[in-house]
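Engineer: Starting off with a structure, shown below.
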Amino acid sequence: MITTQVVIINLGSGDLHNGFPKVSAQLWAEDNGFPEQFIGSLPAAPHLIKLYRNWQAIYQYLCDRIICPPNRQGMRLSTQTRQSCTEEEELEIDGGGITNISVVGFHDLCQKLHQGVNSWLNSAEFLNIDRQLRSSLDPDSEIRVIIETNDDLLRRLPWHCWDFFKDHPKAEMAISRPEYKRPCKSYQPKISRQKARILAVLGNSQGIDLEKETNLLTSLEDAEVVFLVKPTRAQLNEQLWHPAGWDILFFAGHSHSEGTTGRIYINENQNFNSLTIEQLEEALKAAIKNGLKLAIFNSCDGLGLANALSRLNIPQVIVMREPVPNRVAQDFFHHFIQAFAVERMSLYLAVSQARQKLRGLEDDFPGASWLPVICQNPAVEPPTWAQLIKIPLPSLKREAVAALALR
């Protein structure tokens with residue numbers, strides 16, 4: 001029997017300049033309600049800051065100038081933000097060197113950052129945690145590895161590059177705030193239904209194509225999808241308060257992070273065309289209380305959005321760490337829905353498979369597989385698609401028997 005194990009790594013206080021003096025790793029197993037815990041530390045690694053900043057600057061430069069130049073657009077980032085990012089990153093990269101940036105050179109930088117993360121996690125101070133986890137975990141098990149930190153830069157690091165994930169192919173990582181709790185009330189639907197309820201918000205689509213995501217959602221036979229196309233704040237607010245509740249909130253369009261929060265561009269009006277999570281806070285609290293389990297922001301630079309939502313104790317959020325090309329966003333969502341809703345994989349395995357399939361695009365869209373990330377509330381179990389469509393357990397067993405009979 002394949003089991004699921006959960007590893008929660010809390011980095012404690014500290015930063016990459018000074019190190020992390022007390023790191024803990026808790027290991028939770030399905031058949032035991034009490035965790036095992038291992039203690040270690042991590043040394044200072046200021047070189048990772050420089051490596052990441054260079055990676056980020058060159059990634060954004062390639063997106064703006066080579067992959068999706070302004071005259072072709074194709075990025076899910078607002079025009080104003082793209083202009084701002086371009087100006088800032090040109091200041092960070094030495095003059096003269098910026099014209100020599102190539103996709104090949106960026107791949108080399110990806111490899112250096114990959115190696116840097118592994119060298120840091122292979123340090124002697126972290127060795128006890130690494131050894132204990134490897135000796136305790138079953139390589140055939142599904143493993144959810146959750147990194148707890150409030151540090152924005154640490155949340156942006158490519159943790160999936162850790163060699164641990166290569167040795168445990170069914171493991172996938174997520175990030176979390178160190179403080180979390182279960183949503184205040186467990187949702188009990190007043191009306192029995194056999195379909196997942198999805199609120200699909202299609203926001204500002206200037207320069208991007210949202211048709212593929214629309215068609216994909218429409219094709220889901222076991223989902224009830226309500227589309228809000230370029231809504232006003234009042235329209236979005238009203239739907240989030242809907243008493244029937246939502247299982248999934250999906251947003252596609254333009255967005256970006258603003259410090260510890262994020263902004264989504266919901267329409268193309270001259271005024272009142274964007275919102276922060278705080279402006280929707282009460283409506284989102286109501287949606288979470290009424291059963292919202294997963295939010296997917298298939299848009300640019302979503303860690304600020306996820307951070308703000310996590311303060312509301314939302315169970316799960318899927319975002320893109322950095323600006324995302326339109327093609328990458330489309331393909332990720334297609335692969336994720338295929339794995340999660342059609343093949344009925346767990347949420348973590350579905351994200352893992354969808355992310356890994358993006359590697360096939362990296363000749364044209366370098367860094368694509370580094371973008372998607374799960375932001376998890378560790379107090380809540382990730383839902384399966386079967387749970388969202390309310391299939392009772394006996395029915396699941398019959399489906400499993402029927403599937404085996406066809407093999």
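Every number in this text was worked out from the coordinates using simple rules, so none of it is lab data. Every value quoted in this text rests on a predicted model; they were computed, and no experiment measured them. Don't worry about glycine lacking a Cβ; one is built from the backbone with ideal geometry, like all the others, and counts go over all protein chains shown.
Engineer: Let's test the formula: R0 of 35 Å, r as the Cβ-Cβ distance of D138 and T218. What FRET efficiency results, to the nearest 0.05?
Structural biologist: The calculated FRET efficiency here is 0.35.
Engineer: Percent antiparallel among DSSP beta bridges with both residues in the range 196-395, to the nearest 5?
Structural biologist: Of those bridges, close to 40 percent are antiparallel.
Engineer: Counting only other residues whose beta carbon sits under 12 Å from that of N273, what net charge do I get with K and R as +1, D and E as -1?
Structural biologist: Around N273, the charge tally is +2.
Engineer: Between D363 and K195, what's the calculated FRET efficiency when r is the beta-carbon distance and R0 is 41 Å? Round to 0.05. Intermediate values should be presented prior to the final figure.
Structural biologist: Details: r = 39 Å, r/R0 = 0.95.
For D363 and K195, the calculated efficiency is 0.60.
Engineer: Suppose R0 equals 30 Å. What FRET efficiency, 1/(1 + (r/R0)^6) with r the Cβ-Cβ distance, do C184 and K22 give to the nearest 0.05?
Structural biologist: Plugging the Cβ-Cβ distance into 1/(1 + (r/R0)^6) gives 0.45.
Engineer: A further question on this structure: Looking at the chain only, what percent of DSSP beta bridges run antiparallel? Nearest 5 please. Can you show the working numbers first?
Structural biologist: Numbers: 28 of 63 bridges.
Percentage antiparallel, nearest 5: 45.
Engineer: Based on the inverse mean of 1/r over its pairs of different Cα atoms, what is the Kirkwood hydrodynamic radius of the chain, in Å?
Structural biologist: 22.0
Engineer: As a test of the formula, what do you get for the chain when each DSSP H run with n ≥ 4 contributes -39,500 (n - 2.57) and the sum is divided by the residue count, at 222 nm and rounded to the nearest 500 deg cm²/dmol? Don't skip to the end; give the middle numbers.
Structural biologist: Details: 14 runs with 144 residues, N = 407.
Computed ellipticity for the chain at 222 nm equals -10500 deg cm²/dmol.
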